[in-house]
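Notes to accompany the following structure.
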Amino acid sequence: MSAKRHQAAPTVRGSRGRWRRWRRGRPFTAAVLIALGGAEMLVTLRAPLGVLLHVGPQGLAAYLVPTILVLCGVLLITTPQQRVFYSLVSMVLGLVSWLTSNLGGFVIGMLLALLGGALAFAWTPDKDRPPVVAAEPEAPEPREPENDADTVLLPGMQTPDPTPAERG
């Protein structure tokens, strides 16, 4: 009768596995949605419609809001530790874009920015998986003394109380 051992599923090795670990270590989908929302707003500013003409400070805000949204998306990928700040900025700017950037990039860019901001705010790093670090040699665990001869007492220390099994 042969005894088979259960083995864990094989891990993905190579660049695909590294990419997957890197991507899961940050709010990647949220950052992409935020950056796409900002990019979509920037594209709609160049739409060839005469109604979409902005002049003065409102014209500057129309370019500044989507640019900051794209920047927030990039910063979410590069520094996921600051995700709460970037997600809140993204959601506020997504709402502000309704007034400054052609109804939030015809609503599509605003919704992408709001959805990405909400996903980034809700994202948490996976606490169950240990971080990937280089393997270090492990120190041997201290062993329990097997009998009283192995117990070393320093001056001033009391002898340990015998357990009920030792008392007999």
**Cβ-based exposure ranking for Tyr63, Tyr86, in which fewest neighbours within 10 Å come first** = Tyr63, Tyr86
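At a Förster radius of 22 Å, what calculated FRET efficiency corresponds to the Cβ-Cβ distance of Leu99 and Arg24, to the nearest 0.05?
Numbers: r = 36 Å, r/R0 = 1.64.
The computed FRET efficiency comes out at 0.05.
Ranked by Cβ crowding within 10 angstrom, fewest neighbours first, how are Val65, Val96, Val43 ordered?
Values: Val65 25, Val96 18, Val43 13.
In increasing order of surrounding Cβ atoms, one gets Val43, Val96, Val65.
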**Asked** Simple spin-label model, 7 Å along Cα-to-Cβ: Thr163 to Gln82 in nm?
**Response** 5.5
**Asked** Hey, quick one: spin label on Thr124, modelled 7 Å out along Cα-Cβ, who in the range 82-101 has an amide N within reach, i.e. under 18 Å?
**Response** 82-85, 87-88
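I need Arg21, Arg26 ordered by Cβ neighbour count within 10 Å, fewest first.
Details: Arg21 14, Arg26 19.
Result, fewest neighbours first: Arg21, Arg26.
Each value in this text was obtained by applying a stated rule to the coordinates, not by laboratory testing. Treat the numbers as computed from the prediction; the structure is a model and nothing was measured. No Cβ is skipped: glycine too gets one built from the backbone with ideal geometry, and neighbour counts run over all protein chains shown.
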